[in-house]
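Chemist: Once you've had a glance at the structure underneath, I'll fire off some questions.
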Amino acid sequence: MTKTLKQRAVRSGTWVIFGHLLSQGLRLGSNLVLTRLLVPEMFGVMAIVTVIMGGLAMFSDVGLLQNIVQSKRGEDPDYLNTAWTIQIIRGFLIFLFALLLSVALHFFGNMGVLSVGTVYGNPDLPLFLAVVSMRSIVAGFNSIHILLLNRRLMLGKLTVVELISQVAGLIFMLSWAWFQRDIWALIYGGFVSVFLKLILSHSMNLGERCRIHWDKQAVYEIIHFGKWVFGASVFTFFAGQGDRIILGGLITSNELGVYSVAFFLAMAFKGIVRKIISSVFYPVLSEVVRERPQELKRIFYKIRSNVDSLIMVVVGLLASTGHVIVEFLYDDRYQYAGWVFEVLVLSTVFLGITIAGSCLLALGDSKSVMQLTAASSIFLFISLPIAFHYFGFRGAVIAIALNAIVELPILFYKMKQYDFLDWAKELRFWPLFVLSYSGGICGTSLLGI
C-alpha cells in the first residue's frame, strides 16, 4: 500500500468512524427520548415501513456506488450524468411500487386477510407507507457527486452532509413528538433529513452541475456489472431485513417494537464496521486491484488484522453485558430486549471475513457476492419459521444470529480460488473473543449486576 493511499484511507477511516459514532450517538439519544414519548407499537409499525422501503431500494439497486468506485470511467462526466439519470428513474420507480404495495395492504386489510393483531394488519400502515415512499423521489435527485466522494476517499465532506441532515431531522422529530406524541414525528423528521441532504449534495463544488444524460456504453457497463449487484442487494435485503418481515407476521406490534430496540443496539457496532468496509476498504481494495493486484492478499490481511482484533474484543464485551446496557438505558417496557441484544450481537464476530466480499467486488466478481447473500437469505427464511414453531421467540432469535455463519464456506472457497486465503491468519484472533467474553461475565459478577 503506497503512503498516499494509506494516508487517504486513514483520513477517510477517521471521518467514517467519527461520523458514524456521532450519528449512532444521536440516534441512540433520540431513541431514548422517543421511547418515552411514543408507545412501542409506533416503533413496530415504523420498523415495517422502513423494512419495506429498504427492500424496494435494494430490489432496484444496480450498484451505482460500486460501479463508480470500481469503473475506470468513474470520473467521466458522461458516465456520472448517466448514473444520475438512472438514479432519478430509480427514485420514481421505488415510489410507484411502494404506492401499489400500500394499496394492496389496504385492500387485504379490509378483506380480513391480514391479522389485526400483527403489524401488517395495522389499519394505518398503508397510509404511512404511501407518505414515506415520497422520500425516494427526493433522494433520487441527490447529486451523483456524493458517490464520487467514495471513489476519491474524500469522506469528510460526505460525513458533514449526512450529519447536518441527520441533526436537522432529529431536531424536528423530537420537537414534533414532544408536542404531538404521534407517529408522524418519525415520518416528518425523515422528510426534513432527505430534503436537506438534497440541497447540500448539490452545493458541493466537485465538478460540473448534474444534468440528464444517456450514454449507451455507460448504461451497458452499469447494467452488466450491476446485474449481479442487483441480485446481491435483493438477497442482502432478505438476509438483513427478513427477521422483521417474518416476525411482523408472528408477533404483535408491541413485541416487534421491543425487538427493534434490541436490533438497533446489536447492529450499532456492526453498522460502523460495515460502513468502514464499504466506504473505505472497498475503494482501497479496488485501487489495489487496478494498480497492484499482486499485493491484494497482503493488504487484505493487513486490514483484517486491525478489524478482527477490534471486533473480537468489542463483541465479547457486548455479548456478555448487553442486558446491563438495556437495563441502564431503557424503562421496564423494554427490559426483555437485553438477552435479545446479547444473542444478536454474536453474529458480528464473523464480520471481518466479509471484507473478502469487498475483494471479490474489487476483482469484478459481483456474481460471487450475489451467491453469498443468496445462501444467507435462503437459510434465514427456512430456519427462522421452523425455530419459532418449535422453540418460540427465543429460538427465532438464535436462528437469526446463526445466519451469519452460512456464508463462510462459500467465502473460503472463493478466497482459495483467487489465492488470498491464509488459514493461520483466519484463526489467530479468536482467543481474544473468549478472553473478552469471559472478562465481561466476570466483571458483571464481581460488580453484582
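The values are calculated or read from the model by the stated rules, or taken from the named source; none is laboratory data. Since the structure is predicted, the reported quantities are computational estimates derived from the model, not experimental observations. Every residue, glycine as well, gets a Cβ built from its backbone with ideal geometry; the counts of neighbours run over all protein chains shown.
Chemist: For region 152-175, which positions are surrounded by fewer than 20 Cβ atoms within 10 Å (Cβ to Cβ), in a helix (DSSP H, G or I) and modelled with pLDDT under 85?
Modeler: 156, 157, listed by residue number.
Chemist: Sticking with this one: Assuming residue 182 fulfils every condition listed in (1) within 25 Å of residue 140 (Cβ to Cβ); (2) not in a helix (DSSP H, G or I) apart from one, which condition is it?
Modeler: (1)
Chemist: May I ask you to list pairs of residues, at least six apart or on different chains, whose Cβ atoms are under 6 Å apart, with the first in region 414-428 being over 20 Å from residue 311 (Cα atoms) and touching a residue at least 24 places away in the same chain (Cβ under 8 Å) and the second being assigned to a loop (DSSP other than H, G, I, E, B) and not polar (S, T, N, Q)?
Modeler: 415/421
Chemist: Follow-up. Whether any residue in region 229-244 is touching a Phe, Trp or Tyr at 6+ places or on another chain (Cβ under 6 Å), crowded, with 17+ Cβ neighbours inside 10 Å, assigned to a helix (DSSP H, G or I) and at pLDDT 80 or above is what I want to check.
Modeler: Scanning region 229-244 turns up no residue that is touching a Phe, Trp or Tyr at 6+ places or on another chain (Cβ under 6 Å), crowded, with 17+ Cβ neighbours inside 10 Å, assigned to a helix (DSSP H, G or I) and at pLDDT 80 or above.
Chemist: Hey, among 443, 395, which residue is in contact (Cβ under 8 Å) with a residue 12 or more places away in the chain and not β-branched (Val, Ile, Thr)?
Modeler: 443
Chemist: Another question, then. Here is a list: 340, 273. Which entry is in contact (Cβ under 8 Å) with a residue 24 or more places away in the chain, closer than 19 Å to residue 19 by Cβ, under 22 Å from the mean Cα position of the chain (by Cα) and in a helix (DSSP H, G or I)?
Modeler: Working: 340 fails: closer than 19 Å to residue 19 by Cβ.
Sole residue among the options that is in contact (Cβ under 8 Å) with a residue 24 or more places away in the chain, closer than 19 Å to residue 19 by Cβ, under 22 Å from the mean Cα position of the chain (by Cα) and in a helix (DSSP H, G or I): 273.
Chemist: Also, I was wondering about something else. Residues 187, 183, 212, 144: which one is surrounded by 16 or more Cβ atoms within 10 Å (Cβ to Cβ), in contact with a helix residue (DSSP H, G or I) (Cβ under 8 Å, 6 or more places away or on another chain), β-branched (Val, Ile, Thr) and closer than 30 Å to residue 366 by Cβ?
Modeler: 144 is the lone residue from the list that is surrounded by 16 or more Cβ atoms within 10 Å (Cβ to Cβ), in contact with a helix residue (DSSP H, G or I) (Cβ under 8 Å, 6 or more places away or on another chain), β-branched (Val, Ile, Thr) and closer than 30 Å to residue 366 by Cβ.
Chemist: For the list (1) modelled with pLDDT of 80 or more; (2) farther than 25 Å from residue 330 by Cβ; (3) of a type in the set (Ser, Thr, Tyr); (4) under 24 Å from the mean Cα position of the chain (by Cα), I need the number of the one condition that residue 259 fails.
Modeler: Going through the list (1) modelled with pLDDT of 80 or more; (2) farther than 25 Å from residue 330 by Cβ; (3) of a type in the set (Ser, Thr, Tyr); (4) under 24 Å from the mean Cα position of the chain (by Cα), residue 259 breaks only (2).
Chemist: So, in region 72-87, how many residues would count as being at pLDDT below 75 and surrounded by 20 or more Cβ atoms within 10 Å (Cβ to Cβ)? Break it down stepwise before answering.
Modeler: First, the residues of region 72-87 that are at pLDDT below 75: 72, 74.
From what's left, surrounded by 20 or more Cβ atoms within 10 Å (Cβ to Cβ): none.
Within region 72-87, residues that are at pLDDT below 75 and surrounded by 20 or more Cβ atoms within 10 Å (Cβ to Cβ) number 0.
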